[in-house]
Amino acid sequence: MAQAQLHIPSQEWLNTALAGATVEEVSDDEGTLAGWWAENSDCPGASAYGTTQEEAHERLQEVLAGWVQLGQELDHPIPSIREGEIAAPA
């Protein structure tokens, strides 16, 4: 049985997914800034934490690349890029 060839997401796909990501402050119980949480709602389960906004964004890029690869291995539909935005598969 031939195995489907997996591909690494293009830089364009990753850049578009990152551009659509939200980055929010995370505070501890006393209200002190504890870090940053980044995610893209078009990619369920793909999120990352960092001590700075930049670190959260960098980690999210790594997570999104892995998210696409795992989705391909599991034969899940991967959102496509349409008009510069990530769009759910039809």
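Taking every residue in the stretch 55-69 that is without any contact (Cβ under 8 Å) to a residue 60 or more places away in the chain and over 14 Å from Pro44 (Cβ atoms) and pairing it with any residue that is of a type in the set (Gly, Ala, Ser) and surrounded by fewer than 17 Cβ atoms within 10 Å (Cβ to Cβ), at least 6 positions away or on another chain, the pairs with Cβ-Cβ distances below 8 Å are Ala56/Gly35.
Scanning the stretch 39-61 for residues that are within 13 Å of Glu25 (Cβ to Cβ) and touching an Asp or Glu at 6+ places or on another chain (Cβ under 8 Å) turns up just one, Gly50.
Only strands (runs of 3 or more DSSP E) whose full extent lies in the stretch 15-90 are considered here, and none of them has at least 3 residues that are loosely packed, with under 15 Cβ neighbours inside 10 Å, hydroxyl-bearing (Ser, Thr, Tyr) and on the phi < 0 side of the Ramachandran plot.
The set of residues in the stretch 24-43 that are polar (S, T, N, Q) and either in contact with a Phe, Trp or Tyr (Cβ under 8 Å, 6 or more places away or on another chain) or closer than 22 Å to Gly66 by Cα (or both) comprises Asn40, Ser41.
Looking across the stretch 1-40, the residues that are modelled with pLDDT of 95 or more, among the hydrophobic types (A, V, I, L, M, F, W, C) and within 13 Å of His57 (Cα to Cα) come down to Val23, Trp36, Trp37, Ala38.
Taking the criterion of being at pLDDT 95 or above and within 21 Å of Ala17 (Cβ to Cβ), the residues of the stretch 41-52 that qualify are Ser47, Ala48, Tyr49, Gly50, Thr52.
The values are calculated or read from the model by the stated rules, or taken from the named source; none is laboratory data. Owing to the predicted nature of the structure, the values given are computational and were not obtained by experimental measurement. Counting neighbours? That spans all protein chains shown, and the Cβs are built from the backbone with ideal geometry, glycine included.
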